[in-house]
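Asker: Please find one structure pasted underneath; my questions will follow.
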Amino acid sequence: MSFQAYLDNIRSKTGKTPDDFLALGQARGFVEGGRLKPDVKAGQIVEWLKADFDLGHGHAMAIVALFKGKRA
């Protein structure tokens, strides 16, 4: 599955765009200036996304990649 396909599936499931997740990540203190803060671990983000959005591990890791700067 391509990165874009992951993002499309996430949007279908949650109704949230990549920009929405960047804003949510910033509000939770995971993201600063559009990028993942150096002290944040992927597991923290995965746990949050699984709990709040019922995302699977692969889809949550796509959001981690988004936070690290990957773009579709």
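The values are calculated or read from the model by the stated rules, or taken from the named source; none is laboratory data. Quick caveat: nothing in here was measured; it's all calculated off a predicted structure. Backbone-built Cβ (ideal geometry, glycine too); neighbour counts: all protein chains shown. Surface accessibility is based on the protein's heavy atoms, side chains included, excluding ligands, DNA and RNA. Shrake-Rupley method; radii C 1.70, N 1.55, O 1.52, S 1.80 Å.
Asker: Under 8 Å between Cβ atoms, at least 6 apart or on separate chains: pull out the pairs that start in the range 10-33 with a residue that is without any contact (Cβ under 8 Å) to a residue 60 or more places away in the chain and end on any residue that is assigned to a strand (DSSP E or B) and open to solvent by 30 Å² or more (accessible area, probe 1.4 Å).
Answerer: Once the first residue is without any contact (Cβ under 8 Å) to a residue 60 or more places away in the chain and sits in the range 10-33, its partners that are assigned to a strand (DSSP E or B) and open to solvent by 30 Å² or more (accessible area, probe 1.4 Å) give 25/36; 26/32; 30/36.
Asker: Right, another one. Could you list, ordered by first residue, the pairs with Cβ atoms under 6 Å in which the first is in the range 47-68 and farther than 12 Å from residue 14 by Cβ and without any contact (Cβ under 8 Å) to a residue 60 or more places away in the chain and the second is of a type in the set (A, V, I, L, M) and surrounded by fewer than 17 Cβ atoms within 10 Å (Cβ to Cβ), at least 6 apart or interchain?
Answerer: 64/42
Asker: I'd like to verify a number: residues in the range 20-72 that are of a type in the set (Asp, Glu) and in a helix (DSSP H, G or I), how many?
Answerer: Adding up the residues that qualify gives 3.
Asker: Take the residues of the range 10-36 that are at pLDDT 95 or above and in contact with a Gly (Cβ under 7 Å, 6 or more places away or on another chain): which is most open to solvent (accessible area, probe 1.4 Å)?
Answerer: Per the stated criteria, the residue is 22.
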